[in-house]
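These notes are about the structure you will find just below.
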Amino acid sequence: METHSILKLEIEMEEQPAARCGNCGSPNIHDTRVRSAFWHQDRLVVVEDVPAIVCDACHEQFYDDSTIVVLDLLRGDGFPPEKARAEMRVPVFSFGDRLVSKSDS
Ligand SMILES: [Zn+2]
């Protein structure tokens with residue numbers, strides 16, 4: 001079994017319509033679609049239209065088990081470039097640069 005860093009709802013959505021946020025306990029959660037970034041080896045990839053449950057109170061995002069299975073399948077495919085819908089340019093910053101520019105001597 002792979003371990004997931006993604007938080008999951010404590011309650012199964014199908015059986016509990018009055019589900020609560022697994023992070024803060026708020027009942028104000030809604031289904032939506034999100035865009036998520038994943039590191040795959042040394043590549044950063046973006047997956048759009050991922051079904052997710054978002055908490056209106058703390059903005060935590062949750063994926064249900066079936067969504068995680070599909071994300072695992074995508075990861076297993078290795079995110080081949082020819083399957084990509086689009087490509088993005090991603091700016092890269094260094095933490096160290098900020099430390100240098102902040103110190104006013
Ligand atoms: Zn919450």
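Bear in mind that the values in this text are calculations on the coordinates, not laboratory data. Keep in mind the model is a prediction, meaning the values are calculated, not measured.
Under a 5 Å amide H cut-off, with hydrogens placed 1.01 Å from N, PHE79 pairs with nothing among residues at least 5 apart or on other chains. Please work out, to two decimal places, the log10 of the ratio I(q)/I(0) at q = 0.11, 0.13, 0.14 Å⁻¹ from a Debye calculation in which every Cα of the stretch 29-102 carries one identical scatterer. With one equal scatterer per Cα and no solvent, log10 I(q)/I(0) is -0.41, -0.55, -0.62. Taking amide H positions as modeled 1.01 Å from N, with prolines and chain starts lacking one, the residues under 5 Å from VAL34 and 5 or more places away or on another chain are ASP49, VAL50, ALA52.
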